[in-house]
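The values are calculated or read from the model by the stated rules, or taken from the named source; none is laboratory data. The structure displayed is predicted, hence computed values, not measured ones. All Cβ positions, glycine included, derive from the backbone under ideal geometry; neighbour counts span all protein chains shown.
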Amino acid sequence: MEKIIVKDDEQIELSIVDGDLEVHDGATINVSSKVDKLVIKGNLVNKGDVEINGSIEVLEIIHKNGFLEITGDVLAERINIRNGGRGGSKLIVGGNLTAKEAAVDGGVEVEKDFNCPIVKIMGSCAVYGNTNVETYEVSGSAKHELNLNAVEADISGSFRVGENAIIKEELEVSGSAKIGGTLDCPEIEIGGSFSCNNLITNSTDVSGSAKTVTAQVGDKLSVSGAYKCEESIIAAKLSVSGSSKVGDDSKIERLSVSGSSSAGDNVKFVEVKISGSLNLGKNTIAENINVSGSCSSSGFLKLSEKLQVSGSLTGDEIEADEIDVNGGLRCEVAKANLIKISRDSRVRGKLFGGTVIIGDGARVEDITADVVELGKDVRAGVVEAGTIDADPSAKYTKG
């Protein structure tokens, strides 16, 4: 097998190489116009800055110390880009890049599609077409203009995908991640901020803020900063350490927020725990809500079990099995089998219940119930009940 050597700054035209092609710094290879591509039956070995005008097919590309720019398509078994210390090394492909394995100590830039099962890049990667990989590891930033398909991906810097990212097993990003379309991946861990159009996942953990248009979460979505879902989210568990906002028709089994939280209309919960404010839209349905702060509802709020608020509670019509308020309640109507208004609380609105217990010093309006208990110095409006147990100091009008 022959070996062709191209010296420093030399220009040469080739159509086929029956062995290895060795190219030195500053050299230019022009692919003959008589062929579709330059076929190298051995390896392409380069050192320094090398330019190849045209497409190539080769067993292995071995490049060191500089930029290798190929203006056409590249088809190779293996790609090995090394950085020997003289600045950065980079592979630039003007067409499609197809290989079985790529190990790059430096950067990769692909103008069209990138297809390679095993990719390890100790630098940055930019692809302006579609990307199809299996094991994808980048120690710097990764930018993909169109779609990305992978089995697993580990990105140490920022991660950008212009359209959809479909990752079958796991995605780990140490920096920020931004997906223009759908991110579909079972296990996701993001070290910085995160945004995507549609999130489909089993478990996602975000160390910064997160934003989605829609989301489908099989197990949990955990966000250490603020989270906003512009439309609906369907999730088993949503845990947010900052503020949270979800849109209309969301369904969340367990919501936990350490800050302010708001939800749109027709939202369904099972368990809600908020350490801050909770603002609910119309027709909210839940089992249990526990708020250490303020809770407001713009329409009908219905709970099959307990609503507990240590702060203020406002709404139009509130219905639950049990309502427990320590602070203030302002509504048109509140209905429950058991209503407990704690000491010194203030209530504006009518209370309807099986049993209504008003703590010492509280101020309430009209009550209709089976059993009413009024503590010391309670002030109430009209009280209608089968049984009224009132401290002598309580003042009310018996209905």
Regarding GLY361, is this residue of a type in the set (Gly, Ala, Ser) and either in the same structural domain as GLY247 (by TED's automatic domain parsing) or part of a strand (DSSP E or B) (or both)?
no
Are any of the residues in segment 50-59 surrounded by 17 or more Cβ atoms within 10 Å (Cβ to Cβ), in the same structural domain as LEU14 (by TED's automatic domain parsing), in a loop (DSSP other than H, G, I, E, B) and touching a strand residue (DSSP E or B) at 6+ places or on another chain (Cβ under 6 Å)?
yes
Could you list, in sequence order, all residues of segment 364-375 that are assigned to a strand (DSSP E or B) and either in contact with a Ser or Thr (Cβ under 8 Å, 6 or more places away or on another chain) or of a type in the set (D, E, K, R) (or both)?
ALA369, ASP370, VAL371, VAL372, GLU373
Looking at segment 95-102, can you tell me whether even one residue there is more than 26 Å from the chain's Cα centre (by Cα) and part of a loop (DSSP other than H, G, I, E, B)?
yes
Hey, could you check segment 260-309 for residues that are within 25 Å of the chain's Cα centre (by Cα), of a type outside the set (Ser, Thr, Tyr) and part of a loop (DSSP other than H, G, I, E, B) and say which is surrounded by the fewest Cβ atoms within 10 Å (Cβ to Cβ)?
ASP265
How many residues does segment 111-122 contain that are over 17 Å from ALA150 (Cα atoms) and surrounded by 24 or more Cβ atoms within 10 Å (Cβ to Cβ)?
0
Report whether or not VAL39 is assigned to a strand (DSSP E or B), among the hydrophobic types (A, V, I, L, M, F, W, C) and over 21 Å from SER89 (Cβ atoms).
yes
Whichever residue in segment 52-97 is basic (Lys, Arg) and at pLDDT below 95 and, among such residues, is farthest from VAL108 (Cα to Cα):
ARG86
Of all residues in segment 253-276, how many are in contact (Cβ under 8 Å) with a residue 24 or more places away in the chain and in contact with a strand residue (DSSP E or B) (Cβ under 6 Å, 6 or more places away or on another chain)?
0
VAL382 closer than 21 Å to GLU317 by Cβ and buried (at least 16 other Cβ atoms within 10 Å of the Cβ):
no
Tell me which residues, restricted to segment 1-21, are crowded, with 19+ Cβ neighbours inside 10 Å and either part of a strand (DSSP E or B) or over 49 Å from the mean Cα position of the chain (by Cα) (or both).
VAL6, LEU14, VAL17, LEU21
Just checking, does segment 372-383 include any residue being in contact with a Lys or Arg (Cβ under 7 Å, 6 or more places away or on another chain) and closer than 23 Å to PHE300 by Cβ?
no
VAL347 - would you say it is of a type outside the set (Ser, Thr, Tyr), over 21 Å from GLY276 (Cβ atoms) and touching an Asp or Glu at 6+ places or on another chain (Cβ under 8 Å)?
yes
Condition check: surrounded by fewer than 23 Cβ atoms within 10 Å (Cβ to Cβ) and not assigned by TED's automatic domain parsing to the domain that holds PRO392. Does SER345 satisfy that?
no
